[in-house]
Each structure stands twice: as structure tokens, then as C-alpha cells.
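Everything below concerns the one structure shown next.
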Amino acid sequence: MQNENSFEQFLSQKDEEAWSAALATLLRSIHEVDRNATQIWFAFYPLSLWQALAHAEDRERLAQQLLLQGDYDLKHQIDRSHAFLYGHRFWPQVKKAIEQHADSFGQSSSISLADQILTVARRVANDLKKDESLLNGITAVAFMTLQQTGLAAFTAAPGTIHIDRKHANKSPEKILRHRAKDDSQGLLGFLRTVNKQFTITHDENDDKAKYKLNDGQDLAWGAAEDRSRDWVTIDPRRSEGPIPVECRSASCGTCWVGVLGGAEKLADVAAREGKKIKEFGYIDTAEPKPLIRLACQAQAGGAISVVIPPWNGQFGKYLRSLKNTEERAPGAQPAGGRIEQTDAVN
């Protein structure tokens with residue numbers, strides 16, 4: 001138990017800055033099939049939001065204040081939050097290796113976070129006789145999952161895979177080819193300038209999780225036409241197809257998605273989308289074609305593969321308020337302390 005606690009203590013000392021540095025080191029060692037997916041997963045489950053909720057005087061009140069909807073608690077999704085990563089196929093082995101690493105961890109260990117992740121991934125890759133680059137992303141995800149859920153909950157999870165055998169057997173190369181492929185527009189499609197249609201895939205592990213949209217339409221528009229399933233039963237947020245949408249004007253933050261493939265085929269982030277997506281807290285970047293987009297604003301010019309997060313909210317202003325408070329009075333207020341609601345969401 002002491003060894004387990006020492007590993008948890010090690011992770012608890014890692015803040016956003018430490019994780020950003022670790023990911024920057026790891027990305028070049030992550031296989032292309034999971035490079036975007038790993039970054040998207042860390043955007044879906046930000047450490048800063050978890051810390052704010054963990055330290056809040058009234059967690060439920062804060063969740064309501066930040067307009068959080070859906071399943072935003074990682075401890076409820078230990079085995080399935082990362083099903084869109086190729087490395088998910090190796091989750092049982094990675095999870096077991098992390099538990100062994102925690103059990104043998106010494107409190108005096110001076111190995112960096114990135115090097116520990118690479119060491120565990122290398123061990124699993126050798127056991128499975130797989131390319132090490134396929135394990136690095138999912139191992140980083142496992143480390144962060146343990147940090148946010150605690151070792152007891154992490155160990156208690158069964159360690160199951162949430163994709164079927166058919167999709168589990170796909171090669172990384174086949175998935176990358178599928179992401180890069182655009183729809184054929186017919187025999188003389190190369191001459192067509194209007195009425196082009198493209199396929200949007202919103203779950204790569206489900207062959208039916210696709211819909212069509214016209215060239216230049218935003219991702220949410222085509223999704224609203226998809227009546228193939230009872231989406232509301234699957235997720236109460238999905239009132240108009242597979243992508244949750246409420247406002248269509250970048251005001252609610254409900255329709256955020258991660259772009260696994262085809263980010264370059266989306267129109268550049270316009271001023272409103274860029275401003276609002278930072279306010280929501282989903283991503284803070286000046287990139288014209290980032291991996292996190294608002295589906296009601298992102299216009300497609302080709303086939304795109306996206307992943308839909310299981311929750312949404314508006315927490316960016318709140319987290320910035322906490323940071324500003326701490327900078328003005330270091331140590332005076334822990335992350336997640338109380339502030340006025342107007343500072344958080346207005």
C-alpha cells in the first residue's frame with residue numbers, strides 16, 4: 001500500500017505544465033494513427049477541470065455553474081474513455097503493467113514522467129511483440145487516468161476492451177488510409193464544382209456511424225439529417241443526430257468534437273469559433289486548423305473522421321479566474337475555490 005501511495009503521490013505533483021512538457025516529448029514517439037487521438041483525449045479530460053471539481057467546496061454546484069452536461073467524470077469511464085485510440089486494443093495489458101509499475105514504484109524515483117510512460121509502454125510492447133509507438137499514447141492516457149481516478153478505482157476497473165474483434169483486427173495503416181480517403185464524386189467527379197458530398201465518420205469502431213454532408217456545410221448540419229438511430233435514447237444531449245447541438249451559433253459549446261483525420265479539410269477557425277472555444281475551455285491555440293472544433297462552425301471540404309466527447313460545458317473563464325487569483329495571491333486559494341458565477345460563464 002505504501003508503494004501504491006507513493007506512485008499516486010508522484011502523479012499528484014504533476015500539474016498541467018508538467019503534463020504539457022511530457023506530451024511534447026512523447027508525441028514524436030507516438031504512432032501517427034494515435035498522435036491526434038492522444039492529444040484529443042487529453043483535451044477531452046483536462047487535468048485543470050478535474051482539479052477544480054476535486055477541490056470545490058460543493059462539487060455538484062460547481063458542475064451546474066459550469067453548465068457541465070453528460071459524463072464528465074473519468075472514474076466512470078476508466079475502461080472506455082479511450083476507445084477511439086488505436087492503442088485501446090492493448091488496454092488490458094497496459095492497465096496491468098501500470099498497476100505493476102505502481103506496486104514497485106519507489107518514492108525516491110527521479111525518472112521523469114515521460115520516461116516512466118515510455119518505460120512501461122516499452123515493456124508492454126515487448127511482451128506483445130508490437131511496435132512500441134503503438135503503446136506510447138495509450139500508456140500516457142493510462143497514467144493520466146490513474147491520476148484523476150486514484151489507484152483503487154483504477155485497479156478495480158475490469159480492464160475490458162470496448163471494440164469488437166473485427167475493428168480490433170484492423171491495422172494502423174488501414175485506418176490511416178481510410179482517414180485520408182475522400183469520397184468519389186462519380187466518373188467525372190474531378191470536374192464537379194457543385195453538389196459534392198463527403199462522408200463524416202463519427203465512430204471509427206462502428207461501420208454505420210457515418211453521415212453525408214454537402215461541400216462547405218458545417219459538421220453539425222449533416223449530422224442533424226441523420227435519423228438512423230434514436231440518438232436521444234443513446235445520449236440525451238443528442239436531440240439532432242449523433243452530434244449534440246443546441247444553438248448553432250457557437251454560444252453553447254455543446255457540439256465540440258475531436259478531429260481524428262481530415263483536420264486539413266476543414267475551413268480555418270473563424271474569429272467567433274476561435275474566441276468561443278477558448279471561453280468554453282476546450283482548447284487554447286492560434287492554429288487555423290486545430291484538432292478540437294465546434295461542429296456548428298467547422299465547414300467541411302472533404303471526408304472527415306471525428307470523435308464526439310461524452311460531455312460538454314463552459315469552464316474556460318472559470319479556470320482563468322482561478323489562475324488569475326492564484327497569480328495575484330499565490331497559495332491563497334486552491335484550485336476549485338469559490339468564485340462568482342458571473343465570472344465563470346458570462
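The values are calculated or read from the model by the stated rules, or taken from the named source; none is laboratory data. Since this is a predicted model, take the numbers as computed values, not measurements. A quick note on method: Cβ atoms are made from the backbone with ideal geometry, for glycine too, and the neighbour counts reach across all protein chains shown. For the accessible areas, the whole protein counts, side chains as well, though only heavy atoms, and no ligand, DNA or RNA atoms are used. Shrake-Rupley method; radii C 1.70, N 1.55, O 1.52, S 1.80 Å.
Table for the structure above
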{"quantity": "Over the chain: helical MRE at 222 nm, DSSP H runs n ≥ 4 each giving -39500 (n - 2.57), nearest 500", "calculated": "-13000 deg cm²/dmol"}
{"quantity": "Percent accessible area from carbon and sulfur atoms, the chain, protein chains only, probe 1.4 Å", "calculated": "48 percent"}
{"quantity": "Per residue, in Å², the accessible surface of segment 179-333 once ligands and nucleic acids are set aside, probe 1.4 Å", "calculated": "47 Å²"}
{"quantity": "Kirkwood hydrodynamic radius (C-alpha pairs) into Stokes-Einstein, the chain, 25 °C and 0.890 mPa s, D in µm²/s", "calculated": "116 µm²/s"}
{"quantity": "Among Gln185, Gln64, Ala24 the positive-end extreme of the charge dipole of the chain (Cβ point charges)", "calculated": "Gln185"}
{"quantity": "Trypsin sites (Lys or Arg not before Pro) within segment 23-111: DSSP coil, no more than 15 neighbouring Cβ in 10 Å", "calculated": "Arg28"}
{"quantity": "Low-density loop positions, trypsin sites (Lys or Arg not before Pro), segment 195-293 - DSSP coil, at most 15 other Cβ in 10 Å", "calculated": "Lys208, Arg227, Arg229"}
{"quantity": "Filter on Lys174/Lys196; Lys96/Lys265; Lys170/Lys210; Lys95/Lys210; Lys212/Lys276; Lys210/Lys317 - keep pairs with C-alpha separation over 28 Å", "calculated": "Lys96/Lys265; Lys95/Lys210; Lys210/Lys317"}
{"quantity": "In segment 1-85, GluC sites (Glu not before Pro) in a DSSP loop with at most 11 other beta-carbon atoms within 10 Å", "calculated": "Glu57"}
